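Peer 1: One structure, as structure tokens, below. Some questions next.
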Amino acid sequence: MNGHSPAFRAAQLALMSWASAVAAGAMLVALAGCAALDSPGSGGPVVDAPAYRIGDRWIYQAADGFRAPVRWEETREVIAIGADGITVRITQLGPTVNNSRTEQWSSPGIVRACAVSMPCRKASMPSAGSNWS
């Protein structure tokens, strides 16, 4: 025997059981709290696709590079809308950048064709109520 009385061992066992129950309860509360959090992309109303009009334009300040970044202003402007899609002119202008290209979108943001010697990519436009930094 280790010299502890049966009453002490019973109290020690009760305390360990109580601590285990409190820890289990705290874990359940934490898990339940996490389950109630709303995560991005879940819930909320669906936002309609933007309705583009000829003349719509977006202007971005862009930079690429680390030690000596290349900086330019990029302008995207809707120049035609038809049954075949949306035509957008992208102009990049800066101290060392000066180019322009057109993209043909089959639907908003989905590039079907572009006229440039670089890979086409899916365009990203801010939706209603959002902003970019």
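Every number here is computed from the coordinates shown, using simple stated rules; none is lab data. Fair warning: this is a prediction, and the values are worked out from it, not measured in the lab. Note: ideal-geometry Cβ built from the backbone for every residue, glycine included; neighbour counts use all protein chains shown.
Peer 1: State the number of residues belonging to the range 38-97 that are under 24 Å from the mean Cα position of the chain (by Cα), outside any loop (DSSP other than H, G, I, E, B) and surrounded by 10 or more Cβ atoms within 10 Å (Cβ to Cβ).
Peer 2: Here the count works out to 15.
Peer 1: Additional query: Determine whether residue 103 is part of a strand (DSSP E or B), farther than 16 Å from residue 114 by Cα, in contact with a strand residue (DSSP E or B) (Cβ under 8 Å, 6 or more places away or on another chain) and not hydroxyl-bearing (Ser, Thr, Tyr).
Peer 2: For residue 103, the condition - part of a strand (DSSP E or B), farther than 16 Å from residue 114 by Cα, in contact with a strand residue (DSSP E or B) (Cβ under 8 Å, 6 or more places away or on another chain) and not hydroxyl-bearing (Ser, Thr, Tyr) - is not met.
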